[in-house]
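Trainee: Pasting a structure below so you can have a look.
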């Protein structure tokens with residue numbers, strides 16, 4: 001835009017029509033001075049009560065974004081705190097806010113697991129009642145009893161979860177030349193938090209708990225950039241290298257010894273709809289990945305009927321919507337590069 005035009009004084013009508021994409025100091029000063037004219041005297045005492053009444057009416061008329069009294073709804077913050085305590089039990093000495101001496105390990109385990117049990121029963125109970133409230137069929141105390149069973153079963157799974165995670169850690173160490181030790185992997189690799197959270201949330205998901213598993217997985221997603229739905233099925237020795245931007249959908253199935261890189265999507269190709277145009281849920285929408293598969297960065301694999309056979313290698317940026325036979329290497333075509341100052345020597349030799 002012509003700088004001389006910017007410098008010319010505009011009349012009020014022009015200023016109203018011209019959008020302020022970038023405020024100049026002069027415009028900002030003018031806004032500061034003129035903005036005082038709209039301030040009502042004692043607005044906090046006189047105007048604020050009117051605003052409260054208006055927002056109260058908004059609460060009553062607009063559903064879906066307020067849940068007053070918190071009835072039958074788990075606390076997001078408490079669920080995250082429980083997850084952090086579970087991770088401390090699973091990775092003692094690595095995660096958590098305090099060191100654990102060998103001499104007091106048993107006391108630490110007893111007190112921490114008791115606290116987890118008490119709080120998680122409460123949150124699972126509220127989650128189950130949330131469903132009962134929707135369908136309006138819930139015998140007295142049935143949700144509470146089911147919550148106690150669910151939490152007991154989850155806690156009993158901790159030794160098994162640790163076995164799976166030890167394999168995942170070894171896969172990370174073996175699969176990344178930059179990994180100096182298992183300690184290095186546990187303390188610094190984002191996939192550890194993402195996969196460990198998934199393995200906890202998956203158990204709750206399989207036990208039919210609503211809300212809580214997704215709160216856990218989305219917390220890990222926000223921390224790591226790795227989005228693993230708790231409904232996915234993932235085998236042993238799973239490694240996500242780097243990880244940022246990885247998406248693994250709800251009905252994805254992944255075999256053993258699979259390695260994927262950043263930016264990989266295992267997603268849905270399309271969503272079938274019913275006669276009313278609503279998405280049909282409960283169908284397999286995401287791909288199946290066999291054993292010993294490697295999927296490089298940026299690859300997108302879509303569809304519930306898509307199967308990646310054992311031992312296949314999927315190259316970076318590949319777009320796949322149909323099945324790949326076992327042992328196949330999928331490579332995207334070499335781009336046609338154009339050089340402004342001539343072709344480099346190393347390119348000419350190819």
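Where a number appears in this text, it was derived from the coordinates with a stated rule and is not lab data. Quick caveat, the model's predicted, so the values are computed rather than measured. Neighbour counts are summed over all protein chains in view; Cβ atoms, including those assigned to glycine, are modelled from backbone coordinates with ideal geometry.
Trainee: Once label points are set 7 Å from the Cα along Cα→Cβ at both residue 106 and residue 184, what is their separation, rounded to one decimal in nm?
Mentor: Computed distance between label sites residue 106 and residue 184 equals 3.7 nm.
Trainee: Still on this structure, please answer the following. Note the listed values (1) 0.95; (2) 1.01; (3) 1.35, then indicate which one is Cα Rg over 2.2 N^0.38 Å calculated from this particular structure.
Mentor: (3)
Trainee: Taking the highest mean first, how do the peptides 254-260, 44-50 order by number of other beta carbon atoms within 10 angstrom per residue?
Mentor: Values: 254-260: 21.4, 44-50: 10.1.
Descending packing order for the listed peptides: 254-260, 44-50.
Trainee: Could you line up 216, 95, 56 from fewest to most neighbouring Cβ atoms inside 10 Å?
Mentor: Working: 216 24, 95 18, 56 10.
Listing 216, 95, 56 from fewest to most nearby Cβ atoms yields 56, 95, 216.
Trainee: When 145, 214 are ordered from fewest to most other Cβ atoms inside 10 Å of their Cβ, what list results?
Mentor: Details: 145 12, 214 19.
Taking fewest neighbouring Cβ atoms as first place, the list is 145, 214.
Trainee: Indicate, rounded to the nearest 5 percent, the antiparallel portion of the DSSP beta bridges found entirely in the chain.
Mentor: Expressed as a percentage, antiparallel bridges in the chain total about 5.
Trainee: Hey, another quick one. Between residue 115 and residue 329, take the C-beta separation as r, use R0 = 45 Å, and let me know the FRET efficiency to the nearest 0.05. Mind dumping the intermediate values first?
Mentor: Details: r = 50 Å, r/R0 = 1.12.
Rounded to the nearest 0.05, the efficiency is 0.35.
Trainee: Alpha carbon centre of segment 90-151 versus segment 272-315: separation in Å?
Mentor: 33
Trainee: Subtract the Cα-Cα distance of residue 345 and residue 58 from 0.36 nm times their separation in residues, and report this length gain in nm to one decimal. Mind showing how you got there, number by number?
Mentor: Details: separation 287, 0.36 × 287 = 103.32 nm, distance 6.78 nm.
Stretched fully, the residue 345-residue 58 segment lengthens by 96.5 nm.
Trainee: Now for a separate question. When a footprinting reagent is the concern and you count Cβ atoms within 10 Å, what order do 187, 278 take, fewest first?
Mentor: Details: 187 12, 278 9.
By the 10 Å Cβ count, ascending, the order reads 278, 187.
Trainee: Test of understanding: what is the full-extension gain from residue 319 to residue 236, defined as 0.36 nm times their sequence separation minus their Cα-Cα distance? Before the final figure, lay out each step's value.
Mentor: Values: separation 83, 0.36 × 83 = 29.88 nm, distance 2.57 nm.
So the chain would gain 27.3 nm between residue 319 and residue 236.
Trainee: Using only the Cα atoms of segment 71-224, build the gyration tensor, take square roots of its eigenvalues as a ≥ b ≥ c, and label the shape rounded, prolate or oblate: rounded if a/c is under 1.5, else prolate if a/b is larger than b/c, else oblate. Please list the in-between numbers first.
Mentor: Details: a/c = 2.44, a/b = 1.74, b/c = 1.40.
Prolate, because a/c is 1.5 or more and a/b exceeds b/c.
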